[in-house]
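Below you'll find the structure, written out as structure tokens, and then a few comments.
The values are calculated or read from the model by the stated rules, or taken from the named source; none is laboratory data. None of the values given here were measured: they were computed from a predicted structure. Quick reminder, even Gly has a Cβ in these numbers, built from the backbone with ideal geometry, and neighbours come from all protein chains shown. Please note that ligands, DNA and RNA were not included when accessible areas were found on the heavy atoms of the full protein model with its side chains. Shrake-Rupley method; radii C 1.70, N 1.55, O 1.52, S 1.80 Å.
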Amino acid sequence: MNVDRMRKIDRYAGVPLCFVMTLIIKCLRFVMPVRRKQVKNVLFIELSEMGSVILADPAMKKARDGLGANIFFAIFERNQKSLEILNTVPKENVFGIKSGPFWELTKDCLRFLLWTRKNNIDTVIDLELFSRITALLSGMCGADRIVGYHSFHTEGLYRGDMITHKTAYNPHIHISKNFIALVNSLITANQEEVPFSKTLIKDEEIRLETVTPKPQALDAMGKAIRALHPDYDPEAHRIVLINPNAGELLPQRRWMPENFVSVMKMILNAHEDVLVLITGDPSEQEEADELKARVGHDRCINFAGQCQLTELPVLYSLATLMLTNDSGPAHFAAVTPMPTYVIFGPETPALYGSLGNCIPIYAGLACSPCVSAANHRKTPCSDNVCLQVITPEMVFGLLQETLAVNEE
């Protein structure tokens with residue numbers, strides 16, 4: 001199911017369903033008031049963004065360690081592997097929802113409601129800012145507590161009124177801190193607040209644990225690189241990763257392919273010890289092959305589809321740096337020390353930047369950022385000047401700051 005179709009279903013079916021479900025739930029709560037038990041089984045819901053799984057990790061750890069809760073997660077099946085990068089949530093506690101045809105999505109949502117009852121979910125934390133499907137799933141799963149963002153007096157999208165712990169979304173702080181605010185709403189729940197949660201969230205709270213790959217995994221990744229470039233020697237070569245994809249949700253985030261080609265040529269001409277690996281998933285192999293052909297250099301390698309998503313931290317541990325669009329890999333890289341240069345346009349690094357060793361490249365035009373929770377992340381822009389003004393020469397100059405240091 002494409003993104004625009006999902007948005008239409010979410011709007012035209014989601015609004016009336018949220019209204020009806022709100023009435024049902026309010027009637028049930030009036031007739032049978034909930035006697036809330038201790039927080040024990042906490043379900044996080046975030047369906048569509050793989051990178052958000054990494055950004056939510058500090059909040060999940062705080063719920064697990066601060067509340068002593070068992071952590072569960074619901075996500076679209078295609079994004080499920082992203083949870084294995086940090087392994088905060090046990091595999092058996094993850095529910096994958098298919099995002100295919102409408103009937104398939106409906107069937108999986110019904111399975112989800114049975115799964116939540118089987119696992120005695122008592123608390124739901126809805127990480128979504130605008131999706132009505134997650135509001136409905138939260139309301140129908142039978143939990144005593146529903147924690148989520150409430151619009152209060154803002155003009156946010158209508159998602160019903162099923163939340164028990166209404167938390168303010170703060171558009172001026174990083175999304176990871178907003179996620180922690182949801183958990184804090186539970187921690188301070190013994191005192192009624194409007195809105196939740198009146199807490200200070202320090203930068204230290206959103207730091208991620210670094211993943212250290214095992215030597216065997218590093219050796220295996222080296223062999224995978226040598227399979228495509230037999231001369232690769234980790235003692236003699238440095239690896240620069242190029243991630244030109246940005247997913248379907250917001251194609252305006254894509255820097256122009258010809259710009260990536262120009263930067264790759266500059267790197268290869270300036271540094272004889274560098275191998276450039278174009279990364280991506282298996283579906284992006286053809287696109288990566290076209291870019292490789294346009295670069296026309298034997299040290300430019302199409303590495304798309306050559307490793308699993310869960311193996312990316314291993315690849316990042318071998319690399320000198322990565323240049324990427326604003327997409328999932330920027331967040332996956334945050335669990336390693338690798339410098340990651342991230343090109344931003346329709347979104348801002350102030351709110352959605354990687355939590356790792358991230359160097360944002362952002363023009364900061366008057367129209368940026370143009371997507372938000374209020375517009376369902378659907379921008380009217382079809383001419384992403386915010387990315388066009390970022391030139392290959394500008395990007396190469398920034399990359400040189402890391403490449404020159406490592407060369408010495």
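Listed values, structure above:
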{"read-out": "Virtual spin-label span in nm between residue 224 and residue 269, 7 Å along Cα→Cβ", "value": "3.2 nm"}
{"read-out": "Between helix 392-407 and the chain: long-axis angle, C-alpha atoms, 0 to 90°, nearest 10", "value": "80 degrees"}
{"read-out": "Carbon/sulfur fraction of accessible area - the chain, other protein chains in place, 1.4 Å, %", "value": "54 percent"}
{"read-out": "Rounded to 10°, Cα long-axis angle of helix 175-187 versus longest principal axis of the chain", "value": "30 degrees"}
{"read-out": "Euclidean distance between Cα centres, the range 14-68 to the range 329-360, Å", "value": "28 Å"}
{"read-out": "Within a Gaussian network of the chain (alpha carbon springs, distance under 10 Å), most fluctuating of 176, 82, 283", "value": "283"}
{"read-out": "Per-residue ³J(HN,Hα) for the range 342-349, Karplus 6.51 cos²θ - 1.76 cosθ + 1.60, θ = phi - 60°, Hz, x for Gly and Pro", "value": "10, 8, 10, x, x, 10, 10, x"}
{"read-out": "Per-pair calculated FRET efficiency, R0 = 35 Å: residue 217 and residue 37 via Cβ, rounded to 0.05", "value": "0.25"}
{"read-out": "Which of 214, 378 is most accessible, then next, and so on - probe 1.4 Å", "value": "214, 378"}
{"read-out": "Surface per residue (accessible, 1.4 Å probe) for the range 287-375, Å²", "value": "33 Å²"}
{"read-out": "Table column - 3J(HN,Hα) (Hz), the range 292-304, Karplus curve with 6.51, -1.76, 1.60, x for Gly and Pro", "value": "4, 5, 6, 6, x, 9, 6, 8, 9, 10, 7, 10, 5"}
{"read-out": "Hz values of 3J(HN,Hα) by residue in the range 156-173 - Karplus curve (6.51, -1.76, 1.60), Gly and Pro given as x", "value": "x, 5, 6, 10, x, 9, 9, 6, 8, 10, 7, 10, 7, 7, 9, x, 10, 10"}
{"read-out": "Folded to 0 to 90 degrees: helix 102-118 orientation relative to the chain principal axis, Cα", "value": "60 degrees"}
{"read-out": "Burial ranking of peptide ranges 228-241, 199-212, 320-333 (average Cβ count within 10 Å, highest at the top)", "value": "320-333, 228-241, 199-212"}
